[in-house]
Amino acid sequence: EAGVAQSPRYKIIEKRQSVAFWCNPISGHATLYWYQQILGQGPKLLIQFQNNGVVDDSQLPKDRFSAERLKGVDSTLKIQPAKLEDSAVYLCASSLVSLAGADTQYFGPGTRLTVL
Amino acid sequence: SQKIEQNSEALNIQEGKTATLTCNYTNYSPAYLQWYRQDPGRGPVFLLLIRENEKEKRKERLKVTFDTTLKQSLFHITASQPADSATYLCALPPTDTGTASKLTFGTGTRLQVTL
């Protein structure tokens, strides 16, 4: 079974530039998550999709970050314009279903973003 | 607000010994708790889930305990090996069951197993 795919793996940009990350979840997984992980910290949820609808985006800085999941499969996360504090690893994860119980989340390798 | 605490200092142990990592939480009564492993340059990998009505869960050399009175989970690796060296993250669901699949992660504890 193929895992969660992300691209690019690394990205270096200057502040105020734009950047986009792509994620392809595990086939059949209805729930998709984007996390931001700053060095030395745990992952912080930015946005959660259930199929192509947003379940939770309470921690997404909506003035500069946007995400979409068209057709309920692949997803893109965009930052426009980037700030220095956006330097982090952006992780995509997926899970089979969103239940009231507990989901195992499967993570991709992440995209390491450096903003200069 | 809910708070999750993991020892931010690295844990260094000798091969063959038992490693014990701690996850404490406050202002919170989670229905379950998960543990993940993260290697450098990789995403977290799920290890174990323990529910509030379970005191202990085992998987091979791994053991997790969940004390809802102390608001603490302990993660044990017995007969540790250098390959166990990684950062271990605990994760908890929200208090609002409407977003039950959302997880909040601790900062993680780095484990270093030496020969």
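Suppose each label sits 7 Å from its Cα in the direction of the beta carbon; what would the A:Arg9-B:Arg61 distance come out to in nanometres?
2.7
Take the residue pairs A:Lys15/B:Lys102; B:Lys17/B:Lys59; A:Lys78/B:Lys102; A:Lys11/B:Lys59 and return only those whose Cα atoms are more than 27 Å apart.
Numbers: A:Lys15/B:Lys102 30 Å; B:Lys17/B:Lys59 17 Å; A:Lys78/B:Lys102 21 Å; A:Lys11/B:Lys59 37 Å.
Beyond 27 Å: A:Lys15/B:Lys102; A:Lys11/B:Lys59.
For the protein assembly as shown, build the convex hull from the C-alpha positions and give me its volume per residue in Å³.
Once divided by residue count, the hull of the protein assembly as shown is 127 Å³.
Taking H as built 1.01 Å from N, whose amide H comes closer than 5 Å to the amide H of B:Lys17, not counting residues under 5 places away?
Residues meeting the criterion, in which the H sits 1.01 Å from N, are B:Ser80.
Using a 10 Å cut-off around each Cβ of peptide A:45-55, what is the average number of partner chain Cβ atoms that fall inside?
Numbers: counts 6, 0, 0, 4, 0, 1, 0, 0, 0, 0, 4.
Partner-chain Cβ atoms within 10 Å, mean over residues of A:45-55: 1.
Apply the Karplus parameterisation 6.51 cos²θ - 1.76 cosθ + 1.60, with θ equal to phi minus 60°, to every residue of region A:34-42 and state each ³J(HN,Hα) to the nearest whole Hz, in sequence, with x for glycine and proline.
10, 10, 10, 10, 7, 3, x, 10, x
Within 10 Å of each candidate Cβ there may be at most 12 other Cβ atoms; applying that plus a DSSP loop requirement, which trypsin sites (Lys or Arg not before Pro) in region A:37-110 survive?
Answer by residue number: A:Lys62, A:Lys83.
Dividing the convex hull volume of the alpha carbon atoms of chain B by its residue count, what do you get in Å³ per residue? Could the numbers behind the result be given before it?
Details: hull volume 11.4 nm³, N = 115.
Taking only Cα atoms, chain B has a hull volume of 99 Å³ per residue.
Evaluate the Debye formula for chain A with equal point scatterers sitting on the alpha carbons, no solvent, and hand back log10 of I(q)/I(0) at q = 0.15, 0.16 Å⁻¹, in q order, two decimals.
-0.60, -0.68
If you filter region B:1-87 for GluC sites (Glu not before Pro), then keep DSSP loop positions with at most 16 other Cβ within 10 Å, what is left?
Loop-located and lightly packed - B:Glu9, B:Glu15, B:Glu52, B:Glu54, B:Glu60.
Note down the nm distance, to one decimal, between modelled labels 7 Å out along Cα→Cβ at A:Ser58 and at A:Ser27.
For A:Ser58 paired with A:Ser27, the spin-label model returns 3.6 nm.
Using 0.36 nm times the number of residues separating B:Thr95 and B:Glu52, minus their current alpha carbon distance, what extension gain do you get?
Full extension from B:Thr95 to B:Glu52 adds 14.2 nm.
Per residue of region B:76-81, what does 6.51 cos²θ - 1.76 cosθ + 1.60 with θ = phi - 60° give for ³J(HN,Hα)? Whole Hz please, x for Gly and Pro, Karplus curve as stated.
Per residue, the Karplus-derived 3J(HN,Hα) values read 10, 10, 8, 6, 4, 10 Hz.
In nanometres, what is the gap between the two model label sites at B:Asn27 and A:Leu84, each 7 Å from Cα along Cα-to-Cβ?
With each label point 7 Å from Cα toward Cβ, the separation is 3.0 nm.
Since every read-out is calculated from the coordinates, none of them should be taken as a lab result. Everything quoted here is computed from the prediction, not taken from an experiment. Backbone-built Cβ (ideal geometry, glycine too); neighbour counts: all protein chains shown.
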